[in-house]
Amino acid sequence: MSNIPATVAPSVKTWLGFSRELVVGTPVAPSVTIPLDQSSYEPEDTPMFLKDDAIRGAMALLYGEILGVEDATFSYGGPVFGDVYGFFLDNVFGDLSTVGTTATGGSSTSTAPIVVGATTTTAVSGAGFSIGQNIQIGTGAVAEVVKLTNVAGAALTFTNNPLRFAHSTAVALHTVTGPYTHTFAALNSGSGQPPTHTATDYTGLTPTVGARSYPSLCVGQIDFTGNAEQLFSAKVTGNSWISAPAGLTPTNTTTFTVPLPNWRSTIMVGGSPVYDIGEWQISIKRQLQVYFTNQGFQNPYIIARGPLDATGNLNYTVAVDESPLTQMLNNTQPTMVIAINNGLSGTNQISFSFDVHKCAFIKAKTNRSSVLFGYDDEWQAVANTTDVGGSGGLGPIKVTVVNNFAPY
């Protein structure tokens, strides 16, 4: 008689949940689902095994396999979804400002300074504010949008969204809605460590809850690709703590936004539009180092984030002049802006803009493999004072996303 399994797990029914952690390494339930390509959804637990191969008078090789320190890696890939991909950007950049659209509701100012990490503020008047509203705190590069979890008179609480920037007394507080403009830049204040996230891998196989949590997730690299004949896509890789069964059965919260076709991309180099690029790539890289210490636990003491870097390619598949070559030979380091949008407006708008204000072209390889002659250019972002956010300093690249999603 055949042994028929009582339970199987179809790959297409698995999904990735994601949420920002309030305390590094403390798992949280997912707030969103991030759709992925089935073949590019690869979390992997990577414990270290310590071998006892000390000789002891026998013709054997291995006498013990001892569990050592442990962490995990991940690789996620697929189309870029313009609302939820902000979680990955927030994780790799760390400096995030958000400006919303003023809406009916509360409008006031704070009565005292607000510190980094605060989850409450007191308004001059709490009239018009209510639980569940998104409110904007501050303006410009230090503007933040948080969701109210409690309103008690003039005291406004946003437990799940600790503030990223310090704000002075009498800072503006007002209710907002979409579209939201999010600006991601390198975090230069404090320890320079971006927030961590919990990834939840639902397979249906984990007893009782069906999913495993990967806390303290840190993104090491995001590779965006813009082939004119394909969808705007990305691959995200990095490290996290080892997985453990999720605390509760997670909820699949898919937003069903539509991916963007790359033909909607526009590219500016040196302030002028360029029309002969068939494919572009952007790699945003954050140096990661996993530190294990003698602390009585196997998980990392910290997954440390180092400097932020950005590199990429512009493939001039239909070269119309020698500018792809001369911008390398002359080392002009022009500005470069790659933008893509869905062509809609209001709360339906989704757009990305990658701004590199000092772009060094370091290679211009000729390409004769197709009908028309082309150049494959490689570029390196150079730190400058323009591609920065509310934490100031210097940064190599800035990414601006417009969508109807907040807060991250």
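The values are calculated or read from the model by the stated rules, or taken from the named source; none is laboratory data. Because the structure is predicted, anything quoted here is derived from the model rather than measured. Every residue, glycine among them, receives a Cβ derived from its backbone with ideal geometry; neighbour counts consider all protein chains shown.
Summary table below
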| quantity | calculated |
| --- | --- |
| Residues of region 1-28 satisfying the condition of being part of a loop (DSSP other than H, G, I, E, B) and either hydroxyl-bearing (Ser, Thr, Tyr) or over 13 Å from SER216 (Cα atoms) (or both) | MET1, SER2, ASN3, ILE4, PRO5, ALA6, THR7, VAL8, ALA9, PRO10, THR14, THR26 |
| Tally, over region 372-404, of residues that are closer than 18 Å to VAL142 by Cα and either assigned to a loop (DSSP other than H, G, I, E, B) or in contact with a Lys or Arg (Cβ under 9 Å, 6 or more places away or on another chain) (or both) | 11 |
| Hey, PRO324 closer than 27 Å to GLU229 by Cα, buried (at least 19 other Cβ atoms within 10 Å of the Cβ) and more than 21 Å from the chain's Cα centre (by Cα) or not | yes |
| Exclusive hit being modelled with pLDDT of 95 or more, over 24 Å from the mean Cα position of the chain (by Cα), surrounded by 15 or more Cβ atoms within 10 Å (Cβ to Cβ) and not acidic (Asp, Glu), set PHE292, PHE232 | PHE292 |
| Residue list for region 39-91, restricted to those being acidic (Asp, Glu) and buried (at least 19 other Cβ atoms within 10 Å of the Cβ) | ASP71, ASP83, ASP90 |
| Any hit, region 235-243, residues being in a loop (DSSP other than H, G, I, E, B) and surrounded by fewer than 17 Cβ atoms within 10 Å (Cβ to Cβ) | no |
| Only one of GLY25, GLY77 that is farther than 21 Å from THR177 by Cα, touching a Lys or Arg at 6+ places or on another chain (Cβ under 7 Å) and in the same structural domain as GLY346 (by TED's automatic domain parsing) | GLY77 |
| Test: residue in region 11-20 that is over 30 Å from ILE137 (Cβ atoms), in contact with a Lys or Arg (Cβ under 9 Å, 6 or more places away or on another chain), surrounded by fewer than 19 Cβ atoms within 10 Å (Cβ to Cβ) and of a type outside the set (Phe, Trp, Tyr) | no |
| Residue satisfying all of: in region 148-182; in a loop (DSSP other than H, G, I, E, B) and touching a Pro at 6+ places or on another chain (Cβ under 8 Å); surrounded by the most Cβ atoms within 10 Å (Cβ to Cβ) among these | ASN161 |
| Yes/no for PRO334 being crowded, with 23+ Cβ neighbours inside 10 Å and at pLDDT 95 or above | no |
| Condition met for SER2 (among the hydroxyl-bearing types (Ser, Thr, Tyr) and over 18 Å from THR249 (Cα atoms)) | yes |
| Single residue of SER130, SER125, SER110 found to be in contact with a His (Cβ under 8 Å, 6 or more places away or on another chain) and among the small types (Gly, Ala, Ser) | SER110 |
| Verdict on LEU62 being of a type outside the set (Gly, Ala, Ser) and free of Cβ contacts under 8 Å to residues at least 24 places away in the same chain | yes |
| Tally, over region 342-371, of residues that are in a loop (DSSP other than H, G, I, E, B) and out of contact with any helix residue (DSSP H, G or I) (no Cβ under 8 Å at 6 or more places or on another chain) | 10 |
| Flag if ARG212 is of a type outside the set (A, V, I, L, M) and part of a strand (DSSP E or B) | yes |
| Search result, residues across region 338-351 that are buried (at least 19 other Cβ atoms within 10 Å of the Cβ) and under 23 Å from ASP376 (Cα atoms) | ILE338, ILE340 |
| Selection count, region 125-152, where residues are in contact (Cβ under 8 Å) with a residue 40 or more places away in the chain and over 27 Å from the mean Cα position of the chain (by Cα) | 2 |
| Hey, ASP321 charged (D, E, K, R), out of contact with any Gly (no Cβ under 7 Å at 6 or more places or on another chain) and in contact (Cβ under 8 Å) with a residue 24 or more places away in the chain or not | no |
| Filter pass, ALA199 being of a type in the set (Gly, Ala, Ser) and in contact with a helix residue (DSSP H, G or I) (Cβ under 7 Å, 6 or more places away or on another chain) | no |
